[in-house]
Amino acid sequence: SQQGEEDPQALSIQEGENATMNCSYKTSINNLQWYRQNSGRGLVHLILIRSNEREKHSGRLRVTLDTSKKSSSLLITASRAADTASYFCATDEGGGSYIPTFGRGTSLIVHP
Amino acid sequence: NAGVTQTPKFQVLKTGQSMTLQCAQDMNHNSMYWYRQDPGMGLRLIYYSASEGTTDKGEVPNGYNVSRLNKREFSLRLESAAPSQTSVYFCASNTGTSGRSTDTQYFGPGTRLTVL
């Protein structure tokens, strides 16, 4: 079963615009991670946010976590064509189970 | 430093054939994982290994076997391939010592398997 679910499934924007994608999960977590997957490639880790954190930044990426709503958002500012990829959130299931569970992903297309 | 490597990159099998997917990591990681990725399904965990000599089932283990040959290598075997096993298979590793770790996963490039 999928713990995290990304929304929207697909997002198409112009270069320079901001891209926001969301992740909702079902049970309490220890942390949440975002990964990127370029077409035909493996996943690459972007950022990890722990359950006691509310916001983290890494370059043009901003991640927020709202544990009361069981949701997270990934914001990519000033998007570039090279940001075209699928983005996945990964959560554990809290408690004693730390195996990361991936959502179905958001497919982002950035038009030059 | 190659990270996580997988062989082969592509494979076509007939129903009933067997094959082994190979994975190796050179980062001295303790935990290794096998996932499958199907369209619209995200990644699903097949098996994982917390350390050399130990393996545990994930969400979708049926039809697969694994071997943690040593700290570097973790192989996935399909004994009798079925069309439902057509997928992209990813190996991953991380530094966790329990297998159940939320440390960053490092992924290989994937193996694209088609079962006819």
Scope the stretch A:14-55; condition in a loop (DSSP other than H, G, I, E, B), in contact with a Leu (Cβ under 8 Å, 6 or more places away or on another chain) and without any contact (Cβ under 8 Å) to a residue 60 or more places away in the chain; matching residues = A:S51, A:E53, A:R54
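Return the only residue of B:Q37, B:Q22, B:Q11 being within 11 Å of chain A (Cβ to nearest Cβ) and either within 15 Å of the chain's Cα centre (by Cα) or part of a strand (DSSP E or B) (or both).
Details: B:Q22 fails: within 11 Å of chain A (Cβ to nearest Cβ); B:Q11 fails: within 11 Å of chain A (Cβ to nearest Cβ).
Criteria check complete, one pass: B:Q37.
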Report whether or not A:A85 is surrounded by fewer than 15 Cβ atoms within 10 Å (Cβ to Cβ), at pLDDT 95 or above and more than 8 Å from chain B (Cβ to nearest Cβ).
-> no
Being outside any loop (DSSP other than H, G, I, E, B) and of a type in the set (K, R) is the filter; apply it to the stretch A:56-82 and report the residue that is surrounded by the fewest Cβ atoms within 10 Å (Cβ to Cβ).
-> A:K56
Looking at (1) part of a loop (DSSP other than H, G, I, E, B); (2) more than 14 Å from every other protein chain (Cβ to nearest Cβ); (3) of a type in the set (S, T, N, Q), can you tell me which one B:S75 breaks?
-> (1)
The residue that is nearest to the other protein chains (Cβ to nearest Cβ), considering only those in the stretch A:11-39 that are more than 13 Å from the chain's Cα centre (by Cα) and of a type in the set (G, A, S), is A:S39
Would you check if B:Q17 is closer than 17 Å to B:R112 by Cα, under 11 Å from the mean Cα position of the chain (by Cα) and either modelled with pLDDT of 95 or more or in a loop (DSSP other than H, G, I, E, B) (or both)?
-> no
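From the list A:I29, A:I13, exactly one residue is buried (at least 21 other Cβ atoms within 10 Å of the Cβ) and among the β-branched types (V, I, T). Which is it?
On the way: A:I13 fails: buried (at least 21 other Cβ atoms within 10 Å of the Cβ).
On inspection, the qualifying residue turns out to be A:I29.
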Scanning the stretch B:48-70 for residues that are at pLDDT 95 or above and among the aromatic types (F, W, Y) gives B:Y64
Please work out which one of (1) more than 14 Å from chain A (Cβ to nearest Cβ); (2) under 25 Å from A:E6 (Cα atoms) is the condition B:G53 fails and give its number.
-> (2)
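The values are calculated or read from the model by the stated rules, or taken from the named source; none is laboratory data. Predicted model only: the values in this text are computed from it and were never measured. With ideal geometry, Cβ positions are generated from the backbone for all residues, glycine too; neighbour counts draw on all protein chains shown.
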